[in-house]
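Heads up: the structure comes next, in structure tokens.
What follows draws every value from the coordinates through simple rules; no lab data is involved. Fair warning: this is a prediction, and the values are worked out from it, not measured in the lab. Neighbour counts are summed over all protein chains in view; Cβ atoms, including those assigned to glycine, are modelled from backbone coordinates with ideal geometry.
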Amino acid sequence: MESRVIFWGINTHQLIMFYMIGTASMLIFLYGAYTHIAKYARGKSLVGPVEFTDRLTRALRDIFSHRTLRRRDNAAGFAHKGIFYGYLFGAIATTLYFIEIDILKPLTGITFVKGKFYLIMSLLLDLGHLALITGIIYMMVRRGLLRPKKLEYVRNYRGETELRPDAKTWKIEDWVFLTTLLLVGLGGFLQEACGLIVDQPAWAAWSPVGYLLAKTFTGLGMSVETAASIRAANWWMHGILALAFTAAIPWYKAKHVISAVGSLFMRDSRPLALLPPEPKDAEKAGISSIADFTWKDMLHLDACTKCGRCHEACPARTAGYPLSPRDFILDLREYNDDAQGCPTSGPPLVGGIIAPETLWACRTCGACQEICPVGIEHPSLIVRMRRHLVEQGTMDPLLRNTITVIGDTGNSFGENSRKRSQWTKALEFRVKDIREEPAETLWFVGDYASFDPRNQKVSQTVARLLKAAREDFALLHEGEKTAGNDVRRVGEEGLYEELVSHNIEQMDGAKPFKRIITTDPHSYNTIKNEYPSFGKVAPIEHYSSVLADLLGQGRLKVKKPLNKRVTFHDPCHLGRLNGGYDAPRKVLELIGCQLIEMPRNRDNSFCCGAGGGRIWIPDTPGTQKPSENRVHEAAALGGIDIFVTCCPKDLTMFEDARKTGGHEKDFVVQDLAELVAEAIELKSIKLQDLPPLADRIVKSVATQIADTVAAKLDAVLANRLASIPAASLAAPVAQLAAAPAAAALAPAAPGSASQAPPVQEAPKKEEAAPSAAPAAKANGADAAVTLPDTPFKPVSWDAISPVTPASFAGYQAPAKNGPRILVTIKHVAKLGDEYGFTSDGRDVRREFMEFSLNEWDDAALEEALRCIEKLGSGEVVAVTVGDADADASLYKVLAKGAHRAVRIWDDSLTNADPITIARALAGVAAAEAPDLIFSGVQSGDQAHGATGTALARILGLPHAAVVVGFDWDGKDAMHLVRELEGGLRHSFDLQAPAVVAIQTGINTPRFATMKMVKQAKQKPLVVVDGKDVQDGSGGYQVRRMYVPQQTKAEMLTGTPSEIAKFIANLIREKKGA
Amino acid sequence: MAGILLLAEHLNGAVRDITKEAIGAALSVKEQLGGPLVVAVIGENADAIANAVDLSGVDEIVTVKMQGDHFDPHIYEECALQLGMKYKPKLVLVGHTVNGMACASAVAARVGAGFASDVLALSADAGTVVATRGAYGNKVNLEVAFPGREIVVLALRGATYPIPEGAGSAKRSTFEVDLGEASKAMLHTGYIEAPPSNIDISKAEYILSVGRGIQEKDHLPRFEKLADRLGFTFGCSRPIVDSGWLPKPHQVGQSGKVASVCKVYIALGISGAVQHLYGMKHVDTIIAVNTDPEAPIFNVATYGVCMDLFELTKELETQFN
Ligand SMILES: Cc1cc2nc3c(=O)[nH]c(=O)nc-3n(C[C@H](O)[C@H](O)[C@H](O)COP(=O)(O)OP(=O)(O)OC[C@H]3O[C@@H](n4cnc5c(N)ncnc54)[C@H](O)[C@@H]3O)c2cc1C
């Protein structure tokens, strides 16, 4: 029967030898496999469960179809397919022979590789081998002659011109791999041909290649004897080469034949779209050393074949930033090849092997992982390493600022949340507030669409389109905070979680709605993929698909097909990460645009460069912006009218790149919605689309009346206050108490002199000033009016009355263990460019203020922390006078390292004078008996520059102000330096305990991540009731607050270039040039 | 109980301008408050300084002999208290300076006086003082009163009141103060002069200054180059120095240098805090660029530009290419 003689002409000795070599080869292979498995075993375990069948089918589909290899390099994919199937058939055949010869036959005498089965196998093997050899030859030609750039290992994006030593060995291994495989293949054919010449079987044609080769050899005059001796010699050569190849698999590039399979199986279904959370109990954030890698991470590293597809696709690398996803992975792998999953004493992984600037270069566009043929998830590694950098505070100062601002205000623009829906003011209709009325659709607007002027126009257009389509929609208005997609990708996981729980809470507490829509692909991505792990969220749609539906259903009717030649940029977060490729194209088709695709489209879309928080990090000088690269690509299409975007950040980036890239004349950049508006001839809203006319009139009249009344009332009150002579402000109380309304408004106290006024006075004032404040939702103090003052104690030189520490009977400080430093902290307010006063005209209304930690106190805290760190023991206690909102600043200082916090509050302390504040602080200080007190020189909002000094005096302690140098050993005198006017410094010594008021510049305060802030919530924060602080010993009473009449600068208006010209002329004139 | 007690401030044997300005401020309310204006000079060379504060309108100059001329807030406080007991003034006036910050509120707390700092205007209403100060980054003004207080301590903002003209003929007296514990709190060890520099803001006629609005250290060279091209001296606000981006001599303002002879001052991304304004608000032509239309810098500028400073800078760079 048809079969093959395996051990042809081999005697027993030789057979034993062969088996010994074979066993050795297997052992080497197995040992290699074992070292890998042992290495993976040292990796961290995975957090979530791994769904098996889905992954298996996906992996098998990917592997057998070679889908991932063919993309964007068809020839290489095809060649690899040949190699793969050739090798696979060879491996299967070898395994079958192994089963037959070494297991079945010795045990049972059965053989099965024979007859028809053998013939078909022969044919397949023969063709497979041919494919393998052809594939390898192509690969060699590609490497040797075609030399695509992506296979180049020189890191010229880092300014290197020479190969690194490691890269030289990579080149060698590439060639060794190809050559051995080629020799194994060729040797196989030679063996077969010689066999056919010697044996001359009837079924020779079933091995067509071998048969043709045999024919050629005999044609060239090869005798049977020659063939036999070649056959004998080549048997060994081929056999040993094949065994050597097998043994070497785990030890070099060839390992990918196994690791890539594992990697493809293990890849996440939505990598990057859904980032892994930090384990709940993690002590530190992210990846800082090899110990933080999961076994899956290590497996991915081992799968890399250096194919360079990610290197080619990466926008950071293309723009000249120091990041190549391939080199990133290879560097990590090299590192782990040495470390084998154990932390080493060598250079640190993050900051040493991988530079921070490499990590910050990433735009988390996902192009690398998307094109990776073996399923490596680069961005996930990068983001997890960023988490570590964020925790360390190693980041661009502007990024750090933005993160702080987002933490403070909930948006990256640092705007008051009140302004979030200000863009709706320009609309002809009112936009519902989902917190008050139910709606079909909740529109999650996002930061750029809310605050960026260009994008606000788009938002207005979208709103009008929705209205025109009679879509019932509402916003969260100021209840919305940034969705956090990019915050998470920056690596600020704590802040991200904070934002998610806020937004989910807002949506939970809102009136019913069925779905969410957004114009922002970033918000879309995180709400769709990541929010569900935090709570229930309604399904979300991107407006591109909403518009496609509305047009498709005829709810928006195209009146004027645009007939424009347009090109379309796929936003990374919509397309690559969420597969939203078709809806925007459908919209363009429906409105009659001719879409000319850019060469890099759909999954190959080239990132605008804004993602992953990069929009908050300035571009490095000397790099091309990815967005410019992109607009050049669009311009090269020729004759394009419009560059269409459907992402607010894209609009911003490309609008800018069009100018800086010099394509202002080539095309315009427009948002999808703007084109739709043009096509349906949306001008303004038809009356019938608006709420009934009567309704609107009633509403607007009501608002007007309310406004007028409030304004009048304000004026009357202000006048009245101004006309009360200062001296009579402390007039006998009885008189005022007779008129309760006035008593509540006038700055004099009802009730007995030493008691703080009862708080229930507050609600009355709202009645007195109807709807003056737009639904004021201030915490703590009433927003409409400040509380009346406590009458002052009379003081004169004959009866001085030193201010005493407030007494907090209930407050007890814990026992001391080591030095104790008290730091005074203030949550300071900042006004935006619009604000209004309380109706008694004595303060700004709360809702116009943004709060943050006072920068002078931040420096004071830093100095205290350094001092305690230097002394080696002790604690830092933060004290503030403030309402519950001030906890935000206290948590910040606790996160930075303060050990405890104390907050003193009573509504009577609202906007109190510095002496009163100092009296309150002194109350806690007296109980704490600290070894040292630090305060800031002044607060950023009121700038009294007096609280620390007053505090010292009330406590009877020595003190110093405006200190820029501090040195203390904890025992002897402190050496201090204060800064005088003009920069002169004054040095002196002071004995502790003392109060030292710190000036900025003395140090650089540390940074607290949101995670640290969250952890800080475990630390003790005690609230002390401050109702007895006001005892009539305050420094001043506020009469009124007002906007000063000032001569203002002549404001120059016009384009930047016009203004620059004006200034240039002015300068030249003044310089007499 | 009447009159005004003013604590003079001096450094290296010279009286500070703030003291003379405070005399001006005191004169504006002296009549309404009644009683004399007494200026106290504390120090070793008090007599020499006393001559310098003898401006018209000062009724009495009292010198308090002390060891050493350096400022010690504990000593000044003690002197203020004992002088107060003697003269019983309605108003105790000091400068809102680095020294003032270290003693004014201590004096107030010590006696339980009315108190306000960084006062930019004062008036008298029916025999009592009313003071005006800024609030919320000086975007608004705050008018405060001290009902029931026969003693008020105010710290006056610098460069707000003009120095009165004309020499005076004040009565001279001396006063002995028993320092007690106050002399032991602080040990003076010396002064540290700023290191010499080839940048001199006080001599520059044209200054381009940047503030925190430039956001990033990496942006500095760009502005430095622009200043250079314009032929302007490169200045900055304090946070730029605090962050270590520029050396101290570049700083304009109270704790930096005053742009005394400057003719054109360009402020990019500077909010206009009092201490910065102190160094430049007198300049004839001020051009301020800020994205916040309410930034206080616009209150002193000649020309204001409410715009992103980077956008404008780019155009300026083209203009001066
Ligand atoms: C005792 C003492 C002495 C001091 N001495 C001095 C001193 O000598 N000199 C000094 O300067 N300060 C001094 N200060 C500090 C002072 O109080 C302020 O903190 C400081 O002046 C603020 O600097 P800034 O205006 O640069 O920063 P900020 O107040 O933060 O202002 C930045 C401004 O930039 C604007 N801006 C932001 N981005 C842009 C943009 N893209 N385009 C345009 N505008 C933008 C913002 O609207 C803002 O108005 C002193 C403080 C104390 C307590």
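Please report, to one decimal in angstroms, the Kirkwood hydrodynamic radius of chain B built from all distinct Cα-Cα pairs.
Numbers: mean 1/r = 0.0473 Å⁻¹.
Averaging 1/r across every pair of different Cα atoms and inverting gives 21.2 Å.
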Projected label distance in nm at A:T620 and A:L427, using a 7 Å step from Cα toward the beta-carbon: 4.3
query: GluC sites (Glu not before Pro), restricted to the range B:1-98: which are DSSP loop and have at most 15 other Cβ atoms within 10 Å?
result: B:E44
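Would you tell me the mean number of C-beta atoms belonging to other protein chains that fall within 10 Å of each C-beta in B:180-193, as a whole number? Can you show the working numbers first?
Working: counts 0, 2, 1, 0, 2, 10, 10, 7, 4, 8, 5, 7, 8, 3.
That average works out to 5.
At a Förster distance of 56 Å, what's the computed FRET efficiency of A:S229 paired with A:F64, Cβ-Cβ distance as r, to 0.05?
0.85
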message: Suppose we take every Cα in the range A:820-1025 and form the convex hull; what volume per residue is that in Å³?
response: 127
- request: Find the Cα radius of gyration of the range A:261-392, compare it with 2.2 N^0.38 Å by division, and give the number to two decimals.
  value: 0.97
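Consider all pairwise Cα distances in the range A:200-276 and report the whole-number % of them above 18 Å. Please list the in-between numbers first.
Values: 1964 of 2926 pairs.
Summing the P(r) tail past 18 Å for the range A:200-276 gives 67 percent.
Normalised by the residues of chain A, what does the relative contact order come to in percent, with Cα pairs under 8 Å and at least six apart? Can you show the working numbers first?
Details: 1792 pairs, mean separation 86.3, N = 1073.
The value is 8 percent.
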query: With a ≥ b ≥ c the root eigenvalues of the C-alpha gyration tensor of the range A:78-190, is it rounded (a/c under 1.5), prolate (a/b larger than b/c) or oblate?
result: prolate
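Provide the FRET efficiency to the nearest 0.05 for the A:S873-A:A282 pair, computing r from the beta carbons and using R0 = 30 Å.
0.65
Under 8 Å for C-alpha pairs, at least 6 residues apart: give me the relative contact order for the range B:4-184, rounded to a whole percent. Could the numbers behind the result be given before it?
Working: 385 pairs, mean separation 53.9, N = 181.
It comes to 30 percent, rounded to a whole number.
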- request: Check the cysteines of chain A one by one and keep only those with no other cysteine Cβ under 4.7 Å from their own.
  value: A:C194, A:C304, A:C307, A:C314, A:C342, A:C362, A:C372, A:C593, A:C608, A:C646, A:C647, A:C867
field: For chain A, with +1 on Lys and Arg beta carbons and -1 on Asp and Glu, the positive-most of A:H959, A:F217, A:H663 along the dipole
entry: A:F217
- request: Taking just the C-alpha trace of the range A:642-681, give me its Rg and Dmax in Å.
  value: 10.6, 32
field: Burial ordering of A:S545, B:S169, A:S122, A:S807, fewest other beta-carbon atoms within 10 Å first
entry: B:S169, A:S807, A:S545, A:S122
field: Sequence of A:I617, B:I201, B:I4, A:I371 once ranked by neighbouring C-beta atoms within 10 Å, starting from the fewest
entry: A:I617, A:I371, B:I201, B:I4
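Which links in B:K30/B:K88; A:K514/A:K560; A:K892/A:K1019; B:K90/B:K184; A:K425/A:K557; A:K559/A:K683 stretch past 22 Å when you go from one Cα to the other?
Details: B:K30/B:K88 14 Å; A:K514/A:K560 32 Å; A:K892/A:K1019 11 Å; B:K90/B:K184 29 Å; A:K425/A:K557 26 Å; A:K559/A:K683 12 Å.
Too far apart for the 22 Å limit: A:K514/A:K560; B:K90/B:K184; A:K425/A:K557.
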field: Between helix B:17-33 and chain B: long-axis angle, C-alpha atoms, 0 to 90°, nearest 10
entry: 50
Integer Hz, Karplus 6.51/-1.76/1.60 couplings in order for the range A:44-51, x for Gly and Pro: 6, 7, 7, 7, x, x, 10, 6
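Suppose R0 equals 25 Å; then what is the FRET efficiency for A:F534 and A:L398 from their Cβ-Cβ distance, rounded to the nearest 0.05? Walk me through the intermediate numbers first.
On the way: r = 28 Å, r/R0 = 1.14.
FRET efficiency, A:F534 to A:L398: 0.30.
How much of the DSSP beta bridge set in chain B is antiparallel, as a percent to the nearest 5?
Working: 15 of 61 bridges.
In chain B, DSSP labels about 25 percent of beta bridges as antiparallel.
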message: Student exercise: in the range B:201-319, how many lysine pairs 8 or more apart or on different chains have Cα atoms under 21 Å apart?
response: 15
statement: Sorted largest first, the C-alpha extents of the range A:458-614 along its principal axes in whole angstrom are 48, 37, 22
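Report the trypsin sites (Lys or Arg not before Pro) located in the range B:231-293 that are in a DSSP loop and have at most 15 other Cβ atoms inside 10 Å of their Cβ, or state none. Walk me through the numbers on the way to the answer.
On the way: sites: B:K257, B:K263, B:K281; in loops: B:K263, B:K281.
Those satisfying the criteria are B:K263.
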message: Residues of the range A:150-166 with the amide nitrogen closer than 17 Å to a label point 7 Å from the Cα of A:W175, along Cα-to-Cβ, please.
response: A:151-154, A:163-166
- line: In order over the range A:262-267: 3J(HN,Hα) from phi, Karplus 6.51/-1.76/1.60, θ = phi - 60°, whole Hz, x for each Gly or Pro, gives x, 5, 5, 5, 7, 4
- prompt: Helix A:397-409 versus the longest principal axis of chain A: what angle, 0 to 90°, nearest 10, using Cα atoms?
  reply: 60
message: Report the per residue volume, in Å³, of the convex hull enclosing the C-alpha atoms of the protein assembly as shown.
response: 218
Extension gain, A:T344 back to A:K560 (0.36 nm per residue minus Cα-Cα distance, nm): 71.0 nm
field: Charge dipole magnitude, Cβ of K and R +1, D and E -1 - chain A, Cα centre, debye nearest 20
entry: 2700
query: Each residue of the range A:933-949 in turn: what ³J(HN,Hα) in whole Hz from Karplus with 6.51, -1.76, 1.60 and θ = phi - 60°, glycine and Pro shown as x?
result: 10, 10, 10, x, 4, 7, 9, x, 8, 9, 6, 5, x, 9, 5, x, 5
message: Students often check this: by mean Cβ neighbours within 10 Å, which of A:571-577, A:53-59, A:123-129 ranks highest, and how do the rest follow?
response: A:571-577, A:123-129, A:53-59
statement: Restricting to lysines and to Cα separations under 20 Å from A:K168, and discarding same-chain partners fewer than 8 apart, the set is A:K149, A:K150, A:K253, A:K255, A:K306
Value of D in µm² per second that Stokes-Einstein yields for the range B:201-319, Kirkwood Rh from Cα pairs, at 25 °C (0.890 mPa s): 179
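Is there a simple number for the mean count of other chain Cβ atoms within 10 Å of the Cβ of residues in B:201-207, and what is it?
On the way: counts 0, 1, 0, 0, 2, 3, 0.
Mean partner shielding for this stretch: 1.
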- prompt: Once both labels are modelled 7 Å past Cα along the beta-carbon direction, what's the A:L107-B:I199 spacing in nm?
  reply: 8.5
query: Given H placed 1.01 Å from N in the peptide plane, which residues other than close sequence neighbours of A:D941 have an amide H under 5 Å from its amide H?
result: A:A829
task: Enumerate the aspartates and glutamates that A:K971 could reach by cross-link, defined here as Cα to Cα under 12 Å, with residues fewer than 8 away along the same chain left out.
output: A:D931
task: Using the charge dipole of the protein assembly as shown (Lys, Arg: +1 at Cβ; Asp, Glu: -1 at Cβ; taken about the Cα centre), state which of A:A228, B:A194, A:A131 has its Cα farthest towards the positive end.
output: A:A228
field: Pairs of alpha carbons in the range A:41-109 whose separation is greater than 19 Å (percent)
entry: 62
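Return the Rg/Rh ratio of the range A:529-583 with Cα-based radii and a Kirkwood Rh.
On the way: Rg = 14.9 Å, Rh = 13.7 Å.
Using only Cα positions, Rg/Rh for the range A:529-583 is 1.08.
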field: Simple spin-label estimate for B:E60 and A:E834 in nanometres, 7 Å along Cα-Cβ
entry: 5.7
query: Rounded to two decimals, what is Rg over Rh for the range B:218-279 when you use alpha-carbon atoms and the Kirkwood radius?
result: 0.93
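Can you tell me what share of the DSSP beta bridges in chain A is antiparallel? A percent to the nearest 5 is fine. Numbers along the way, then the final one.
On the way: 17 of 66 bridges.
Here the antiparallel bridges make up roughly 25 percent for chain A.
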message: Helix A:648-660 against the longest principal axis of chain A: what's the angle in degrees, Cα atoms only, rounded to the nearest 10?
response: 80
- request: Divide the volume of the convex hull of the Cα atoms of the range A:1-94 by its number of residues and quote the answer in cubic angstrom per residue.
  value: 203
query: In deg cm²/dmol, rounded to 500, what helix-only [θ] at 222 nm does the protein assembly as shown give when every DSSP H run of at least 4 residues adds -39500 (n - 2.57) and the total is split over its residues?
result: -12500 deg cm²/dmol
- prompt: Got the relative contact order for the range A:851-972 handy, in percent, Cα pairs under 8 Å and 6 or more residues apart?
  reply: 27
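Rounded to the nearest angstrom and ordered from largest down, what semi-axes does the equivalent ellipsoid of the range A:35-254 get from its C-alpha gyration tensor (root of 5λ)?
Values: eigenvalues 258, 130, 63 Å².
One finds semi-axes of 36, 26, 18 Å for the range A:35-254.
Remind me, what semi-axes does the range A:398-679 give for its equivalent ellipsoid, largest first in whole Å, using sqrt of 5 times each Cα gyration tensor eigenvalue?
On the way: eigenvalues 159, 116, 51 Å².
Semi-axes from the Cα gyration tensor: 28, 24, 16 Å.
The range B:53-170: percent of C-alpha pairs farther apart than 20 Å? Present the calculation step by step, with values, prior to reporting the outcome.
Working: 3347 of 6903 pairs.
The answer is 48 percent, as a whole percent.
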- prompt: Summing +1 for each Lys or Arg and -1 for each Asp or Glu, what net charge is found among the other residues whose Cβ lies under 15 Å from the Cβ of A:M222?
  reply: -1
